[in-house]
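The values are calculated or read from the model by the stated rules, or taken from the named source; none is laboratory data. All values reported here derive from a predicted model rather than from experimental measurement. Counting neighbours? That spans all protein chains shown, and the Cβs are built from the backbone with ideal geometry, glycine included.
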Amino acid sequence: MKVTTKLLRLRKIRGIILRLVCVCSIFTLFASGLVEAKTSTAESKAPPTKLIVGIPTTTFQTLASYLSSLPIALHYWKQENLDVRVVGLPGATVALQALAAKKVDVVPGTHSALFSLLGKFPDAGLKTYFIHTDDFNSMPEVLDTSNLHTIADLEGKTVGVQTLANSQVPLMRALLKQAGGNPSSITFVAVGEGEAAAHALVTHKVDALSLYDGLYGAIEARGIRLRQLKAKFLKGEEIGFDAGLIVRQSEIKTKRQALIGLARGVAKSILFAQTNPKAAVEIHWEIYPATKPRGISKAEAIRIGEAPLLARLKNIDMPDGLYGNTTKVKIEGYMNLMMAGGILKGLIPISKVWDPSMLKEINDFDHQAIIKQAREWKS
């Protein structure tokens with residue numbers, strides 16, 4: 001009996017010890033989980049990377065919604081842990097000067113301005129890593145009733161541009177020189193955008209306008225019929241690389257993830273706008289209410305607001321199925337135009353102006369989810 005009693009006591013003691021060991025193990029796992037949770041929370045609360053984007057326009061029209069309002073309102077940049085501030089600057093030339101001076105971090109600018117800058121300062125250290133307008137979109141346009149028909153007809157004429165410091169000035173000279181005309185014969189007049197530019201053309205203060213797709217779309221939306229001048233020397237498939245996200249080359253490595261996140265937000269916004277341009281316009285007005293037309297019906301306001309955006313979306317391509325991509329042919333075609341206008345003395349190595357190394361990562365998102373979001377969007 002005594003032996004049996006001792007055995008029972010030993011078993012009870014062993015059971016108590018086992019239970020204590022289990023409790024201690026559970027506590028250890030729980031405590032470890034708390035530490036991991038706290039670490040994970042701390043990591044998720046890492047401060048967002050701040051970026052300043054210098055948009056080369058001060059009016060923030062709907063054509064640039066995928067570069068400004070959409071990634072902000074739809075939280076695409078926030079999802080990339082970015083704190084992005086968008087500022088308006090008077091033209092691509094000024095914007096690139098601000099980029100070189102480290103006043104802004106990214107400029108979604110035109111490459112006519114980039115090549116103009118590189119022509120004067122080859123070691124400026126600026127490079128594009130994402131194309132947001134691949135097709136050439138800056139052909140001069142005239143009133144539909146004008147007797148001008150080709151680029152060559154602009155010799156000796158007056159051409160309206162946004163500002164005299166804008167990239168359209170050297171670009172227009174390049175176009176006329178390639179057409180066989182005298183670039184110095186053109187008189188340039190600053191006409192701004194929208195109604196001011198339209199008024200200058202309608203009142204014959206200028207013979208033609210040298211703007212770009214979305215600005216022409218905004219003018220035509222108000223009932224003014226425009227016509228693009230012809231140029232046999234320009235073929236759409238042979239010239240592109242029109243505008244993209246331009247950064248300081250030295251920061252492509254140091255800010256790589258932030259730059260990928262910024263461009264991914266732009267790519268998502270482009271897809272959203274392509275799927276539901278009406279929603280894109282209404283979202284843009286929520287962020288920039290001053291851009292909404294006043295004194296007209298909502299339907300008419302949307303029609304006017306959609307026009308610049310639709311004009312821009314026509315010039316966004318996806319070579320090899322990648323947003324932000326372009327081709328060697330289009331880049332060299334653009335450089336040939338710059339050489340014809342005396343902006344470049346010779347071809348620049350493509351690697352000096354174009355870095356496509358981040359494109360696959362930029363396009364690594366759920367495209368169908370964005371399409372679904374756009375289709376189901378309710379204002």
Would you call LYS120 modelled with pLDDT of 95 or more and basic (Lys, Arg)?
-> no
Please enumerate the residues belonging to region 296-318 that are farther than 16 Å from SER69 by Cβ, touching a strand residue (DSSP E or B) at 6+ places or on another chain (Cβ under 9 Å) and not aliphatic (A, V, I, L, M).
-> LYS314, ASN315, ASP317
Of these, VAL206, VAL281, which one is part of a loop (DSSP other than H, G, I, E, B), at pLDDT 95 or above and either under 27 Å from the mean Cα position of the chain (by Cα) or among the β-branched types (Val, Ile, Thr) (or both)?
-> VAL206
Please work out if ASP364 is among the charged types (D, E, K, R), within 24 Å of PHE136 (Cα to Cα) and in the same structural domain as SER116 (by TED's automatic domain parsing).
-> no
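Looking at this structure, is GLY265 crowded, with 19+ Cβ neighbours inside 10 Å, in contact with a helix residue (DSSP H, G or I) (Cβ under 6 Å, 6 or more places away or on another chain), assigned to a helix (DSSP H, G or I) and small (Gly, Ala, Ser)? Step through it out loud before you land on a result.
Numbers: crowded, with 19+ Cβ neighbours inside 10 Å: yes; in contact with a helix residue (DSSP H, G or I) (Cβ under 6 Å, 6 or more places away or on another chain): yes; assigned to a helix (DSSP H, G or I): yes; small (Gly, Ala, Ser): yes.
So GLY265 passes the test.
Could you check how many residues of region 209-227 are of a type in the set (Lys, Arg) and not in a loop (DSSP other than H, G, I, E, B)? Even if it seems obvious, please write down each step before you answer.
Residues of region 209-227 of a type in the set (Lys, Arg): 222, 225, 227.
In the following step, the residues that additionally are not in a loop (DSSP other than H, G, I, E, B) were identified as 227.
Looking only at that region, the number is 1.
Residues that are within 24 Å of GLU195 (Cα to Cα) and not assigned by TED's automatic domain parsing to the domain that holds MET358: find the helices (runs of 4 or more DSSP H) completely inside region 66-181 holding 3 or more of those.
Details: elements: 69-73, 76-79, 92-100, 111-120, 168-178.
Output list reads 168-178.
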HIS75, sole failed condition from (1) at positive phi; (2) in contact (Cβ under 8 Å) with a residue 40 or more places away in the chain; (3) not β-branched (Val, Ile, Thr) | (2)
Show the residue pairs that are 6+ apart or on different chains and have beta-carbon atoms under 8 Å apart, the first residue being within region 276-300 and closer than 18 Å to ILE371 by Cβ and of a type outside the set (Val, Ile, Thr), the second being assigned to a loop (DSSP other than H, G, I, E, B) and at pLDDT 95 or above.
-> ASN276/TRP377; ALA279/TRP377
Would you check if ALA258 is in contact with a Leu (Cβ under 7 Å, 6 or more places away or on another chain), surrounded by fewer than 24 Cβ atoms within 10 Å (Cβ to Cβ) and not in a strand (DSSP E or B)?
-> yes
Conditions (1) in the same structural domain as PRO293 (by TED's automatic domain parsing); (2) crowded, with 22+ Cβ neighbours inside 10 Å; number of the one not met by VAL191 | (1)
Single unsatisfied condition, SER184 versus (1) modelled with pLDDT under 95; (2) closer than 22 Å to ASP144 by Cβ | (2)
Taking first residues from region 225-254 that are closer than 16 Å to LEU211 by Cα and outside the structural domain of GLY125 (by TED's automatic domain parsing) and second residues anywhere that are of a type in the set (A, V, I, L, M, F, W, C) and in a strand (DSSP E or B), the pairs with Cβ under 6 Å that are 6 or more apart or on different chains are ARG227/VAL142
